[in-house]
Amino acid sequence: MNKIVSKEHFSEHVVKLVVEAPMIAHSRRPGHFVIVRAGEGGERIPLTIADADTERGTITLIIQEVGVSTKKICALEPGDSLTDVVGPLGQATHIEKVGTVVCCGGGVGVAPLLPIIKAMKEAGNRVVSILAARNSELIILEEEVAKYSDEVIVMTDDGSAGRKGLVTAGVESVIEREKVDLVVAIGPAVMMKFVALTTKKYDVPTMCSLNTIMVDGTGMCGACRVTVDGKTKFVCIDGPEFDAHKVDFDEMMMRLKSYSFETQKK
Amino acid sequence: KERTATPRVVMPQLEPGYRVTCNEEVNQGLSAEQALIEASRCLDCPDPQCMQGCPVAVDIPGFIKNVERGEFLEAAAVLKNTSALPAVCGRVCPQEKQCESRCIYNKMKKPAVAIGYLERFAADYERVEHSRHPVEVVRPESNGIRVAVVGSGPAGLSFAGDMVKRGYDVTVYEALHEIGGVLKYGIPEFRLPNSVVEAEIDGLRALGVNFVKDCVVGKTLSYDDLHTLGYKGIFVASGAGLPRFMGIPGENYIGVMSSNEYLTRINLMGAGRPGEDTPVLKGRRVAVIGGGNTAMDSVRTARRQGAEVAMIVYRRGEAEMPARVEEVAHAKEEGIMFMNLCNPVEYLSDENGRVRAMKIQRMELGEPDESGRRSPQPIPGAVEEIPVDLVIVSVGVSPNPLIPNAISQLEVSRRGTIVVDDATMRSSLSDLYAGGDIVRGGATVILAMGDGRHAAQSMHEALSK
Ligand SMILES: Cc1cc2nc3c(=O)[nH]c(=O)nc-3n(C[C@H](O)[C@H](O)[C@H](O)COP(=O)(O)OP(=O)(O)OC[C@H]3O[C@@H](n4cnc5c(N)ncnc54)[C@H](O)[C@@H]3O)c2cc1C
Ligand SMILES: Cc1cc2nc3c(=O)[nH]c(=O)nc-3n(C[C@H](O)[C@H](O)[C@H](O)COP(=O)(O)OP(=O)(O)OC[C@H]3O[C@@H](n4cnc5c(N)ncnc54)[C@H](O)[C@@H]3O)c2cc1C
Ligand code: SF4
Ligand code: SF4
Ligand code: FES
Ligand SMILES: [Mg+2]
């Protein structure tokens, strides 16, 4: 059982929870995730560790309500507990000084991106962050991102905040105006797919973090498998980060729908 | 004479028509009367060959003679001298290949003494008896030395039991949210009820074993962290959890999954039961690829999940199937279809990426190779398409790479298993021992359990110096 220390609403359907998990706080690095379960009949779902405080022994999770399990978790209040939290899982992000890094976050993908932005900046990179969402309501963590970025570009589909347009337009504008050494893209699969297609044109190395369906998170089930460079990989142990130019996003998007029919029936 | 004339006992079991509608244990266990009669068949051989067939050399005639005398608790005590989990082994050991294969009755062309059934009987008797009349647990005197166990499957549990009884302060770390390893997430309720495993775990708890779930050693805690926490010895029993796929076209379509995923969703997560959030795909026509215990468990689970057609697709013949003979027989009674000498070569999907058919290559047994085994060869052109809407791939597992990846100094074989000294179970690191499937690749419960006991013995010797 892991107690919830505090809760904050970013928007109607996006919640930030600070959770007691001292061992995980001590071991985690940017890029790591946890698997959590809420309630005895709860499902195991993966969530990125957005931040950690080793002194207080807490980790921060940012959750977007999309279905049964995320709804249950978002309904928890300070003092309540998550039934299980296990981690840190996955490979940590490879952080290095490469020059200029463009970090693109789509929707709640900004949450997993934040620790990477922070680490990239601390490693001495110039960091340009692009936050994209459907509308201004869904732009999260702008202030925190700005703290560790040399520049923040906000893009919304409807123009209600920042520039009007898709994340790809933002990426393209930066690549065209200056030398970019690395792009990091985290968000919905379709967004990562189009960022990858865009940066491929300019031959800019691009890293993405995949959010496949998972069960155990330890390599035991294969639910999280994706094709990368023609080979099957397990996202939970080989990833979650991969070279975006090599990921078969169409297969991944297809597999994400595996249970949509089953879950709707409930 | 009279003993050898008695027919082998028949295990009472649930009707096939009923049992496919539920998850209840198929084998109902022997009655005391049946056990007494069966025990009387044992000839108490002066040089009992059955013991040579048991990987841990259980004193078979010793416990059976106690059963015959009606000393059931005494029989259980004899079992516990060698096996930490007799109620489990009595149910899941491949007896027909081990102890029972060497019983003298085989030489007389008669069915072997039902050693497994009797083992289960004695262990179950003791469990029920102790739950009715709890015996006071005497905690062994502590020697103050801390040891850690990685993984709570049969290897980890038996190691923990032996060490706690020797006075060690034992902590078992488990990655999942339940204790028990494959015994919980893999082997289904209809073959090994969770209550049987739970009773063993409760017993260990009562002795003072500390269980920490949701903790992945190598991730949550590093090897160095374990030292900081004061552990003087570490036993790695992390199993062979990594599922293998065949690498054929279409294997990533929706509805093609590993048996580990399928069984975990259902056994560990309760998928499909009311009040459980985890979903699982249901198929009307389900194909399970493979011929081992995992394949049998998956296909019989699919039947219980409502599949109209549930089939085994196996590239060799039935005689070569690694599964326990009893499971194959039970599967047949439950209407499972067997497609032997068949190998899938491709899966086909509908427009949503959901599997709708498999292409099967028919095989035949070729000339014997150097090892004398006739290996299956494809029959040229004999490929057919069979409609399926769920495919469970059960073609084996590889060692879990988490620990080898996390502890770089650890010597690991080409197959990814941890290399240990056969006699001591000690790895290339002096305080780290390993056993069970992480050392053997996919093996058996009894071998895992035996490894746990050997490792406990040699770690104790090393720490007592
Ligand atoms: C490594 C990783 C990190 C993630 N980090 C975050 C995060 O920080 N914040 C956040 O809000 N979300 C994150 N996600 C996604 C999150 O796990 C899913 O949104 C969640 O599991 C949906 O569950 P549900 O029952 O609420 O919705 P459902 O209605 O069951 O599913 C909605 C969609 O979520 C996906 N999904 C369903 N079940 C699972 C599952 N067991 N595992 C993964 N995806 C599933 C499917 O695409 C499905 O269509 C992450 C996913 C991964 C793989
Ligand atoms: C479906 C199925 C049916 C089977 N049927 C039979 C049968 O009928 N008879 C038989 O004899 N054998 C059978 N087997 C094989 C048998 O179950 C295994 O050989 C045995 O369980 C191995 O025991 P173990 O203790 O080595 O590992 P496991 O039982 O695999 O347990 C390992 C545990 O370690 C945990 N773990 C892994 N890594 C870490 C880590 N880094 N930190 C913490 N915890 C970790 C895992 O989550 C797991 O719980 C079957 C196997 C399966 C899958
Ligand atoms: S432990 Fe297994 S092999 Fe040994 S006697 Fe018991 S059932 Fe037979
Ligand atoms: S070989 Fe058979 S008859 Fe002889 S002791 Fe063993 S079980 Fe009894
Ligand atoms: S989530 Fe099970 S193998 Fe990755
Ligand atoms: Mg869900």
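Assuming B:GLY239 fulfils every condition listed in (1) open to solvent by 10 Å² or more (accessible area, probe 1.4 Å); (2) within 16 Å of ligand 3 (Cβ to nearest atom) apart from one, which condition is it?
Here B:GLY239 clears every test but (2).
Return yes or no: is B:ILE201 among the hydrophobic types (A, V, I, L, M, F, W, C), within 14 Å of another protein chain (Cβ to nearest Cβ), touching a residue at least 12 places away in the same chain (Cβ under 8 Å) and open to solvent by less than 20 Å² (accessible area, probe 1.4 Å)?
For B:ILE201, the condition - among the hydrophobic types (A, V, I, L, M, F, W, C), within 14 Å of another protein chain (Cβ to nearest Cβ), touching a residue at least 12 places away in the same chain (Cβ under 8 Å) and open to solvent by less than 20 Å² (accessible area, probe 1.4 Å) - is not met.
At pLDDT 95 or above, in contact with a Lys or Arg (Cβ under 6 Å, 6 or more places away or on another chain) and open to solvent by 60 Å² or more (accessible area, probe 1.4 Å): does that describe A:ASP150?
In short, yes.
Hey, which of the strands (runs of 3 or more DSSP E) in region B:208-295, taking only ones fully inside, have at least 3 residues that are facing chain A (nearest Cβ under 7 Å)?
none
Restricting region A:192-238 to residues that are among the small types (Gly, Ala, Ser) and within 14 Å of chain B (Cβ to nearest Cβ), which is farthest from B:SER394 (Cα to Cα)?
Ranking the qualifying residues of region A:192-238, first place goes to A:GLY230.
Taking into account only those residues within region A:46-59 that are in contact (Cβ under 8 Å) with a residue 40 or more places away in the chain and either in contact with a Leu (Cβ under 6 Å, 6 or more places away or on another chain) or open to solvent by 20 Å² or more (accessible area, probe 1.4 Å) (or both), which is farthest from ligand 1 (Cβ to nearest atom)?
Checked region A:46-59; the qualifying residue farthest from ligand 1 (Cβ to nearest atom) is A:ARG56.
Here's the yes/no breakdown for (1) under 24 Å from the mean Cα position of the chain (by Cα); (2) modelled with pLDDT of 95 or more; (3) among the polar types (S, T, N, Q):
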| residue | (1), (2), (3) |
| --- | --- |
| B:LEU226 | no, yes, no |
| B:SER238 | yes, yes, yes |
| B:ARG265 | yes, yes, no |
| B:ARG285 | no, yes, no |
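Of all residues in region B:109-136, which are open to solvent by 70 Å² or more (accessible area, probe 1.4 Å) and in a loop (DSSP other than H, G, I, E, B)?
B:LYS109, B:LYS110, B:PRO111, B:HIS133, B:PRO134, B:VAL135, B:GLU136
I'm trying to understand the selection: among the residues of region A:61-95, which are surrounded by 22 or more Cβ atoms within 10 Å (Cβ to Cβ) and away from chain B (no Cβ under 13 Å)?
A:LEU61, A:ILE62, A:ILE63
Can you find a residue that is within 16 Å of ligand 5 (Cβ to nearest atom), without any contact (Cβ under 8 Å) to a residue 60 or more places away in the chain and more than 9 Å from chain B (Cβ to nearest Cβ) anywhere in region A:13-23?
no
Filtering region A:164-189 down to residues that are touching a Cys at 6+ places or on another chain (Cβ under 6 Å) and not in a helix (DSSP H, G or I), which residue is surrounded by the most Cβ atoms within 10 Å (Cβ to Cβ)?
Only one residue fits best here, namely A:ALA185.
Here are some residues: B:GLU33, B:GLU24, B:GLU15. Which one is over 21 Å from the mean Cα position of the chain (by Cα), surrounded by fewer than 19 Cβ atoms within 10 Å (Cβ to Cβ), modelled with pLDDT of 95 or more and within 18 Å of B:GLU334 (Cα to Cα)?
None of the others qualify; the one that does is B:GLU15.
So which residues in region B:80-101 are closer than 20 Å to B:ARG8 by Cβ and of a type in the set (A, V, I, L, M)?
Correct list: B:VAL92 only.
Could you tell me which numbered condition A:THR100 fails, if it satisfies all but one of (1) at pLDDT below 95; (2) away from chain B (no Cβ under 14 Å)?
(1)
What's the number of the only condition in (1) crowded, with 24+ Cβ neighbours inside 10 Å; (2) within 16 Å of ligand 3 (Cβ to nearest atom) that B:ALA175 fails to meet?
The one condition B:ALA175 does not meet is (2).
Regarding region A:103-114, can at least one residue be identified that is assigned to a strand (DSSP E or B), within 14 Å of chain B (Cβ to nearest Cβ) and on the phi < 0 side of the Ramachandran plot?
So far as region A:103-114 goes, no, none of its residues is assigned to a strand (DSSP E or B), within 14 Å of chain B (Cβ to nearest Cβ) and on the phi < 0 side of the Ramachandran plot.
Take region A:224-237 and flag every residue that is more than 14 Å from ligand 2 (Cβ to nearest atom) and open to solvent by less than 10 Å² (accessible area, probe 1.4 Å).
Those that are more than 14 Å from ligand 2 (Cβ to nearest atom) and open to solvent by less than 10 Å² (accessible area, probe 1.4 Å): A:CYS224, A:ARG225, A:VAL226, A:VAL235.
Take the conditions over 23 Å from B:ARG453 (Cα atoms) and either open to solvent by 10 Å² or more (accessible area, probe 1.4 Å) or within 16 Å of ligand 2 (Cβ to nearest atom) (or both) and apply them to B:ARG102. Does it pass?
So B:ARG102 passes the test.
The values are calculated or read from the model by the stated rules, or taken from the named source; none is laboratory data. Source: prediction; values computed, not measured. Every residue, glycine as well, gets a Cβ built from its backbone with ideal geometry; the counts of neighbours run over all protein chains shown. The protein model used for the area step is the full one, side chains on, heavy atoms only, and it has no ligands, DNA or RNA in it. Shrake-Rupley method; radii C 1.70, N 1.55, O 1.52, S 1.80 Å.
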